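Here the structure is laid out as structure tokens; the discussion comes afterwards.
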Amino acid sequence: MAPWSIRRAVAADADDLSATAQAAKRHWGYPEPWLVAWRPTLTFAAEQVETLLAYAIEDGALVGGFYVLVPGTPRWTLDHLWVRPEVMGQGLGRQLVAHALIRAREAGAVGLEIEADPNAESFYRHLGGRRVSEVAAPVTGAPERRLPLLVLDEIVD
């Protein structure tokens, strides 16, 4: 297996990005109606990928994960970060977050803002993220569902 490298995502990656996001969300055992409701948000069209600030991590054969950034002030938003379940635990998520933070800082941001899946909050906190708020994220059968809102200005070791 070749080493993992990060590159800008292109239109031809749309199916891989969609499959990665959907598999990663499914990995957490959410109810099927929720997964169906989230499918449009976790599906990327080729034309859409071309307009996003999206970066994929690959080993030459497999897209193992990706992220999407949205410019903002003073922080950029980490809008998506997904890693394929079969390669979780290999440090790909950490590499992607570090890469995203560098890209945002190069553009003048002080860091990242992350509306995290509850299952990912501990991952971001381990990297140095801190919870600053919560946001409403209702879904079928869970109208009071909320997501942690974190900021990450520096990755800790």
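Among Trp28, Gly93, Gly72, which residue has its Cα furthest toward the positive end of the charge dipole of the range 19-157, with +1 on Lys/Arg Cβ and -1 on Asp/Glu Cβ? With unit charges placed on the Cβ atoms, the residue in question is Trp28. Rounded to whole Å, the principal axis extents of the Cα atoms in the range 5-152 read 39, 32, 30, largest first.
In plain terms, the C-alpha convex hull of the range 29-98 casts an average shadow of 6.2 nm² when viewed from every direction.
Place a +1 charge on the Cβ of each Lys and Arg in the chain and a -1 charge on the Cβ of each Asp and Glu, then give the dipole magnitude about the Cα centre in debye, rounded to the nearest 20.
Numbers: 15 positive and 20 negative charges, 57 e Å.
About 280 debye.
Taking only DSSP H segments of four or more residues, each worth -39500 (n - 2.57), what value at 222 nm results for the chain once the sum is divided by all its residues, to the nearest 500 deg cm²/dmol? All intermediate terms of the calculation are to be shown ahead of the outcome.
On the way: 5 runs with 49 residues, N = 157.
Here the helix-only value at 222 nm equals -9000 deg cm²/dmol.
If I take every Cα pair under 8 Å that is 6 or more residues apart in the range 1-95, average their sequence separation and divide by the length, what percent do I get for the relative contact order? Walk me through the numbers before you get to the answer.
On the way: 143 pairs, mean separation 30.2, N = 95.
Relative contact order of the range 1-95: 32 percent.
Extension gain for Arg26-Glu154 works out to 43.2 nm (0.36 nm per residue, less the C-alpha to C-alpha distance).
In the range 5-152, what percentage of the DSSP-assigned beta bridges are antiparallel, given to the nearest 5?
Working: 27 of 30 bridges.
Percentage antiparallel, nearest 5: 90.
A DSSP coil position with no more than 14 other Cβ atoms inside 10 Å describes none of the GluC sites (Glu not before Pro) in the range 1-80. The Cα trace of the range 13-67 gives Rg and Dmax of 11.7, 35 Å, the first to one decimal, the second as a whole number. When peptides 6-13, 133-140, 95-102 are ranked by their average number of other Cβ atoms within 10 Å per residue, the highest-first order is 95-102, 6-13, 133-140. Distance between the 7 Å Cα→Cβ label points at Ser122 and Ala11: 4.2 nm. Ordering Leu147, Gly60, Phe44 by Cα displacement along the dipole of the chain toward the positive end leaves Leu147 in first place; charges were set at the Cβ atoms of Lys, Arg (+1) and Asp, Glu (-1).
No value in this document is a laboratory result; all are computed from the given coordinates. As the structure is a computational prediction, the values presented were derived from the model and not from experiment. Neighbour counts are summed over all protein chains in view; Cβ atoms, including those assigned to glycine, are modelled from backbone coordinates with ideal geometry.
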